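We did not get these values from a lab; they are worked out from the coordinates using the rules stated. Only a predicted model underlies this, so the values are computations on that prediction, with no experimental measurement involved. Note that we place each Cβ from the backbone using ideal geometry, even for glycine, and neighbour counts take in every protein chain shown.
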Amino acid sequence: MAGTPGTGTTLITGGTVVSPTGQTLTEVLIDGETIVALLAPGTELALAAERGAGAVIDATGKLVVPGGIDAHTHMEVPFGVTTASDTFETGTRAAAWGGTTTIIDFATQMKGQEIRPCLETWLAKADGQCAIDYAFHMIVGDVTEGSLKTMDALVDEGITSFKLFMAYPGVYYADDGQLLRAMQTAAGNGAMIMMHAENGIAIDVLAEQAAARGDTAPINHGYVRRAELEAEATFRAIQLAKVAGAPLYIVHLSAAEALEAVAAARHHGRNVFAETCPQYLYLNLEDHLGAPGFEGAKYVCSTPLRSKHGPHQRDLWQGLRTNNLAVVATDHCPFCFKDQKDLGLQDFRDIPNGIGGVEHRMDLIWQGVVAGELTVERWVEVCSTTPARMFGLYGRKGVIAPGADADIVLYDPNGTTTIGVATHHMNMDYSAYEGTVVQGRVDTVISRGRTIIAGGAYHGRAGHGRYLTRGLSQYLT
Ligand code: DUC
Ligand code: ZN
Ligand code: ZN
């Protein structure tokens, strides 16, 4: 690293710049916080040397990619009697270590609350804490007349996506009438509806029956949250969105049957999109949720991990290739094993739902490139460019081009990364990927012109990250 990061110019030279449409040997010139030029190799380096000013980063042998955008995180979110263990400070620092330079977190309204004060609470939690830029979706956990009006206002203020729940009766759950009304509101104001698509009423019946039988181990979380109940809810959400004329984005899709419903809707030209998460691509019900003793609690998340005997993981990779799955996000919702996951020692229903992974998304999805499942270009697209387009950040984020924020990752395809609790930076006392050694390594991370990761060290600071207001999705026709 040379020069003063974040001030004056920085030239990234010698690297291969990757976009969704190709790879080129290009120099990237940054001025302050912004990318100002892409230049043929050698053009600017000579000039910079002559001027004797500015920083030069040698990216020889590295991929130069737009900073990752994790469109689904839950820092500090309350869950039952506990709270997700990463704060905005620790979680965004961990994200930076993993090559993610923007998160879109969920400001959260629960049943009986008003949206506005909830949003204020989330803005206050994040204010001055983040290492990287951040934005919010709004969870609408109580669809009332007031909530619908506030949705309109929030779109004007740059919160352009709303998550609704078909699961968690009594906490976030919306019935079909409420879903329809929220979708009609989105159809009117241009917002994206994000859906947690699981039939929560049926799940609660099965969970109650399992507990009554004495089936209280963590794997029962997966047994009762059946794939059919994800598929049914996904199909129902798609039909309701059609009736309302609203766009729909299915979050954390894990079941092959749910993907089929998305694929069919997309085949018919509908504005239906879906996201999956690394845990569904790599972890499974039997080996992880069904791990001996109480170990499976580490893998309790919703939607749940699916059976390794089904077609799920194969179909999810295929969906990523065909764009029926457009985005990989983490659903980062971390809880420690001790004092958090172990709340459910006696009953799987008391295990807080969530897996932490904000730090590992770029590396884990890179393994899809290593395995021949995805191209390098598609890796950039699902991890950065499409989330930016999907959620109204494109231009500033998700692209290496003049005028864009200088959010850039230098990725070393020949490096290796060891994942585990001893090396990760998330505030978790375990790792869902403990001991995994993956090919590829985040080498350097630049956030709005400032080098925040380099040489195996963190150079960022809490408060560097700015709150981003967003435009409407670019995918709506
Ligand atoms: N859904 C999420 O999106 N995150 C955590 C828990 C859940 O059910
Ligand atoms: Zn969810
Ligand atoms: Zn989530």
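Taking every DSSP bridge with both residues inside the chain, close to 50 percent are antiparallel.
Taken over region 337-477, the convex hull of the Cα atoms encloses 177 Å³ per residue. Taking packing as the residue-averaged number of other Cβ atoms within 10 angstrom, the listed peptides 17-26, 386-395 run from highest to lowest as 386-395, 17-26. Computed from backbone phi, the HN-Hα couplings of region 135-143 come to 9, 10, 8, 10, 7, 9, x, 8, 7 Hz, rounded to whole numbers (Karplus: 6.51 cos²θ - 1.76 cosθ + 1.60, θ = phi - 60°; Gly and Pro given as x). A Cα-only calculation for region 67-390 places Rg and Dmax at 18.2, 50 Å. Amide H to amide H, with H built 1.01 Å from N, Phe273 comes under 5 Å of Leu248, Tyr249, Ile250, counting only residues 5 or more places away or on other chains. Pairs of Cα atoms nearer than 8 Å and 6+ residues apart set the relative contact order; for the chain it is 22 percent.
Any chance you could check the Cα centroid distance between region 113-157 and region 389-461 for me, in angstrom? When both Cα centres are located, 26 Å separates them. Across region 139-296, the volume of the C-alpha convex hull divided among the residues equals 117 Å³ per residue. The H on the amide N of Lys163, modeled in the peptide plane, is under 5 Å from the matching H of Met138, Ile139, Val140, Met194, each at least 5 residues off or on a different chain. Go ahead and collect, in residue order, the members of region 275-296 whose backbone nitrogen is under 11 Å from a label point 7 Å along the Cα-Cβ direction of Leu206. Of the residues in region 275-296, none has backbone N under 11 Å from the label point off Leu206. Measuring against 27 Å, Cα to Cα, the residue pairs Lys149/Lys242; Lys125/Lys242; Lys125/Lys163; Lys111/Lys149; Lys62/Lys125 contain Lys125/Lys242; Lys62/Lys125 as the ones spanning a longer distance. Packing order of peptides 281-290, 88-97, highest average first: 88-97, 281-290 (average count of other Cβ atoms within 10 Å over each peptide's residues). Each residue of region 273-282 was assigned a 3J(HN,Hα) from its phi angle through the Karplus curve 6.51 cos²θ - 1.76 cosθ + 1.60 (θ = phi - 60°); the sequence is 10, 8, 10, 10, 9, x, 4, 7, 8, 10 Hz, with glycine and proline shown as x. Excluding His268 itself, calculate the net charge of residues whose Cβ lies under 14 Å from the Cβ of His268, where each Lys or Arg counts +1 and each Asp or Glu counts -1. In short, +2.
As an equivalent ellipsoid, region 290-408 spans semi-axes of 32, 19, 12 angstrom, where each value is the square root of five times an eigenvalue of the C-alpha gyration tensor, largest first.
Taking θ as phi - 60° and the Karplus parameters 6.51, -1.76 and 1.60, the scalar couplings of region 333-345 work out to 9, x, 9, 6, 6, 7, 6, 10, 4, 6, 4, x, 3 Hz in sequence order, x denoting glycine and proline. Annotation: amide H of Ala37 within the under-5 Å range of Leu29, sequence separation 5 or more or interchain, hydrogens built in the peptide plane. Helix content alone sets the calculated 222 nm mean residue ellipticity of the chain: runs of n ≥ 4 DSSP H residues at -39500 (n - 2.57) each, divided across all residues, give -9000 deg cm²/dmol. The mean sequence separation of alpha-carbon pairs under 8 Å and at least six residues apart, normalised by the residue count of region 376-421, gives a relative contact order of 21 percent.
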